[in-house]
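Student: Here it is: the structure, laid out below.
Each reported figure results from applying straightforward, stated rules to the coordinates on display, with no laboratory input. Note that the structure is predicted; figures quoted are calculated from it, not measured. Here the Cβ positions follow ideal geometry from the backbone for every residue, glycine too, while neighbour counts run over all protein chains shown.
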Amino acid sequence: MTTATVRLTNRMVTERPERRLEELAGLVIDALLASIGGKREQSVARAVHDARRLRQAGDLHGALAAFADLDPADASETEARWAYGEWVSLARRRFAERDAVVYSPGTGRAAVLAPDGEDGMLEVLAVLGMRWQPGQGVSRRSLRGLRPLAGGAS
């Protein structure tokens, strides 16, 4: 056993023995990545793991929120693409009924936007790696490369 595994085992037994399998899997991932110095990978892996767990529980809003504090700009290109793929899949499920579009100014950065009235403004519905906040309004004129969320956004 490694030191990380011993610490993890002690934490699992002493903190809450009734933890669910998903929580234990998250702790194992964290411990393994920490033991190899995988801090950047840990944040992407943790966000994806948490989002998948919440999606399986039926909480699409919470699953998208799992990506709220993630900054894929610090991750490798592969990790950023992984996070984006998971995020856009969740966004499609969550906002399928809306006439939403995806704005992606770079790898690992994106926003789901929907029309917000007749003035050409768009409402931010979800973000990944951007400073925008859900509910914020942005002008359509300043955005290039908008694509429909439904069918072909990834």
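Student: Take LEU64 and decide whether it is of a type outside the set (D, E, K, R), within 29 Å of ARG141 (Cβ to Cβ) and free of Cβ contacts under 8 Å to residues at least 60 places away in the same chain.
Tutor: Details: of a type outside the set (D, E, K, R): yes; within 29 Å of ARG141 (Cβ to Cβ): yes; free of Cβ contacts under 8 Å to residues at least 60 places away in the same chain: no.
In short, no.
Student: Can ALA68 be described as surrounded by fewer than 18 Cβ atoms within 10 Å (Cβ to Cβ) and under 25 Å from ALA45 (Cβ atoms)? Don't jump to the end; show me each part of the working.
Tutor: Working: surrounded by fewer than 18 Cβ atoms within 10 Å (Cβ to Cβ): yes; under 25 Å from ALA45 (Cβ atoms): yes.
Against the criterion (surrounded by fewer than 18 Cβ atoms within 10 Å (Cβ to Cβ) and under 25 Å from ALA45 (Cβ atoms)), ALA68 qualifies.
Student: Given the criteria under 23 Å from VAL28 (Cβ atoms), surrounded by fewer than 22 Cβ atoms within 10 Å (Cβ to Cβ) and over 15 Å from the mean Cα position of the chain (by Cα), does ALA57 qualify? Full working, then the answer.
Tutor: On the way: under 23 Å from VAL28 (Cβ atoms): yes; surrounded by fewer than 22 Cβ atoms within 10 Å (Cβ to Cβ): yes; over 15 Å from the mean Cα position of the chain (by Cα): yes.
Criteria met by ALA57.
Student: Let me ask something else about it. List every residue pair whose Cβ atoms sit under 7 Å apart, with the two residues 6 or more apart in sequence or on different chains, where the first one lies in region 80-102 and is over 17 Å from ARG46 (Cα atoms) and the second, anywhere, is among the basic types (Lys, Arg).
Tutor: Qualifying pairs under 7 Å: VAL101/ARG147; VAL102/ARG147.
Student: Limited to region 95-154, what total is found for residues that are more than 27 Å from GLU77 (Cβ to Cβ) and touching a strand residue (DSSP E or B) at 6+ places or on another chain (Cβ under 8 Å)? Steps first, please.
Tutor: Going residue by residue through region 95-154, those that are more than 27 Å from GLU77 (Cβ to Cβ) are 96-99, 114-123, 135-137, 139-141.
Next cut, touching a strand residue (DSSP E or B) at 6+ places or on another chain (Cβ under 8 Å) only: 98-99, 114-116, 120-123, 135-137, 139-140.
Total satisfying the criteria: 14.
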